1. Tell me, what HN-Hα J-couplings in whole Hz come from the Karplus equation 6.51 cos²θ - 1.76 cosθ + 1.60 at θ = phi - 60° for each residue of the range 119-132, using x for Gly and Pro?
2. Can you give the extra length, in nm with one decimal, that the chain gains between Asn102 and Arg134 once fully stretched, where that is 0.36 nm per residue apart less the Cα-Cα distance?
3. Where does each of Lys215, Lys142, Lys54 land when they are ordered by accessible area, with a 1.4 Å probe and the largest first?
4. Using a 1.4 angstrom probe with every protein chain in place, what is the largest-first accessible-area order of Glu133, Glu202?
5. What does the extension gain come out to for Glu115 and Glu90, with contour length at 0.36 nm per residue minus their alpha carbon separation?
6. What ³J(HN,Hα) values, in whole Hz, does the Karplus curve 6.51 cos²θ - 1.76 cosθ + 1.60 give for the range 187-192 when θ = phi - 60°, with x put for Gly and Pro?
7. Test of understanding: what is the full-extension gain from Glu209 to Lys68, defined as 0.36 nm times their sequence separation minus their Cα-Cα distance?
8. Separation between the Phe184 and Asp153 pseudo-spin-labels, each 7 Å from Cα along Cα→Cβ, expressed in nm?
Amino acid sequence: MAYFKNLFSLLFCLAIISCSGNKNQNTAAKEEPAAADVTETTANVPAVKKYQIKSGIVTFYNEAMGIKTKTVLYFDDYGIKEAEEKYDGETIKDATLCDGKNRYTIVYKDKTAYEAGECFRGVAYKFDWSEIERAPDQYKGKKLPNVTIAGKDCESFSIQSGNSPIVYAGWNNICLMIDQNSSFGKITYKAVSIEENVAIPEGKLTIPEGFTVKKSPI
């Protein structure tokens, strides 16, 4: 079972990488932002808005090769602070955190947070058709009809990845679905619930108390 869960994580990462291509998302965020996209974090540090709503909690169910897993995304300050928890059953296995400045991989069984450098665009993939549209040769993007996901009217597009397109759907720049028929079978990452403009539970966007901070081994 652990092998298949690790394989699902790998396949999902490959889907994200296929969309980002050779462009590093964190580096891209250093480009001069439009004035309307600039906000201030709760620490009054100017940063680029990632999402169009201030805060949210999004629950996803993921499926690959018949294995289902759960992911929960938390964000605040329009996505400048963001955490993505991955579950094993109903237990949090690990999480990726951007505290507004630095990125960490949190391993709960080890009570350790591994530093992974600076973060500029949070954790999750930002849904943005305009980025795909600006690079037609790189992504071979195609605009698709809107779809309803978790009660939201979502824009949708596909990009070409090998012989199989990857379909993305999102709302207010939040990616709510990734769907691909890969050589390993169908991979689906899809939101089932969204709580918008809510207070994020204490401790979700910080390193858990009592955890040791170490440099990432990679």
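1. 10, 10, 10, x, 10, 6, 5, 8, 7, 7, 4, 4, 5, 5
2. Working: separation 32, 0.36 × 32 = 11.52 nm, distance 2.86 nm.
Extra length from Asn102 to Arg134 when fully extended: 8.7 nm.
3. Numbers: Lys215 155, Lys142 125, Lys54 80 Å².
Per-residue accessible area, sorted high to low, gives Lys215, Lys142, Lys54.
4. Numbers: Glu133 110, Glu202 185 Å².
Order by accessible area, largest first: Glu202, Glu133.
5. Working: separation 25, 0.36 × 25 = 9.00 nm, distance 2.55 nm.
Taking 0.36 nm per residue and subtracting the Cα distance, the gain is 6.4 nm.
6. 10, 9, 10, 9, 6, 10
7. On the way: separation 141, 0.36 × 141 = 50.76 nm, distance 2.96 nm.
The Glu209-Lys68 span can extend by a further 47.8 nm.
8. 3.6
The values are calculated or read from the model by the stated rules, or taken from the named source; none is laboratory data. Keep in mind that this is a model prediction, so the values were computed, not measured. Virtual Cβ from ideal backbone geometry, glycine too; neighbours counted across all protein chains shown. For accessibility, only protein heavy atoms count, side chains too; no ligands or nucleic acids. Shrake-Rupley method; radii C 1.70, N 1.55, O 1.52, S 1.80 Å.
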